[in-house]
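Participant: Just dropping this structure here.
No lab work stands behind these numbers, since they all come straight from the coordinates. Please read all numbers here as calculations on a predicted model, not as lab measurements. Neighbour counts are summed over all protein chains in view; Cβ atoms, including those assigned to glycine, are modelled from backbone coordinates with ideal geometry.
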Amino acid sequence: MALGAWIGAAAGTAPAIATACVDGAPKGEAVMVQRDVGTTAAGEHAEFHVLGAGWFGAAEIVKQGGTSDDTTVTVELDGAELITSSFASLKNPWMQISTPFLVANVRSEGDARTMTIWFSPELKFRAILAVRVEVREEGVAGLRLRAVMNKPGPHEDPVGQTALALPAFK
C-alpha cells in the first residue's frame with residue numbers, strides 16, 4: 001500500500017487504526033511529521049527525531065535530482081535500526097521488499113525518487129524515532145522526509161509525560 005493510501009486509510013477510519021496494534025491496545029490519533037531540506041551536497045545528511053512514545057507506521061523520503069541514487073536512508077526506533085537501504089538498491093525490482101509486514105521500494109518520476117518504507121502492524125517506540133538520510137552523490141536538489149505514526153494511547157502516557165516532551169504531537 002502506498003504511503004498516501006495509508007495516510008488516507010489512517011485518517012479516515014478509526015477502527016482500521018485500532019485493529020492494527022501489535023498488542024490489541026487502542027492507540028491515539030494519527031500524526032504526520034515532515035521536514036523539507038533544500039540542496040544537500042555529497043557527504044551531508046538530513047534527519048529528524050521524534051522524542052517520546054508512539055507507534056511508527058511508515059516513512060516516505062522524496063529525493064530531487066542526484067547523479068547515482070547513492071543516498072542511504074536509515075530508520076531507527078529507540079536506538080535499534082529497523083532498516084537501512086539506498087535509493088540505488090531499492091529502485092532495483094529484485095531488491096524491493098513487499099510482504100504483508102514490510103514494504104520497501106523506490107518509485108521514479110522524472111528527476112524525483114520516492115522511497116517508501118511501511119510496516120504493518122505499526123511498531124511501538126518508547127523514547128525516540130529517528131529517520132536519517134545520508135547523501136553520497138552530487139546533484140541532490142532537495143529532500144522531503146515524512147513519517148506517519150500514532151500518538152500513544154491514554155494508557156501508555158503516564159501523567160501526560162509524552163505530550164509535554166513531544167512538540168510534534170501537540
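Participant: Looking only at region 104-129, count every residue that is aliphatic (A, V, I, L, M), within 14 Å of the chain's Cα centre (by Cα) and either assigned to a loop (DSSP other than H, G, I, E, B) or closer than 16 Å to Val62 by Cβ (or both) and tell me the total.
Facilitator: Total satisfying the criteria: 4.
Participant: For the subset of region 87-112 comprising residues that are free of Cβ contacts under 8 Å to residues at least 24 places away in the same chain and among the small types (Gly, Ala, Ser), which member is surrounded by the fewest Cβ atoms within 10 Å (Cβ to Cβ)?
Facilitator: Gly110
Participant: Any idea how many residues of region 43-78 are closer than 15 Å to Val131 by Cβ, surrounded by fewer than 19 Cβ atoms within 10 Å (Cβ to Cβ) and more than 15 Å from the chain's Cα centre (by Cα)?
Facilitator: The total comes to 1.
Participant: Mind listing just one residue for me: the one in region 84-101 that is in contact with a Ser or Thr (Cβ under 7 Å, 6 or more places away or on another chain) and in a loop (DSSP other than H, G, I, E, B) and, of those, nearest to Glu29 (Cα to Cα)?
Facilitator: It comes out as Phe101.
Participant: Right, here's the next one. State whether one or more residues within region 116-136 are surrounded by 14 or more Cβ atoms within 10 Å (Cβ to Cβ) and hydroxyl-bearing (Ser, Thr, Tyr).
Facilitator: There is at least one residue in region 116-136 that is surrounded by 14 or more Cβ atoms within 10 Å (Cβ to Cβ) and hydroxyl-bearing (Ser, Thr, Tyr).
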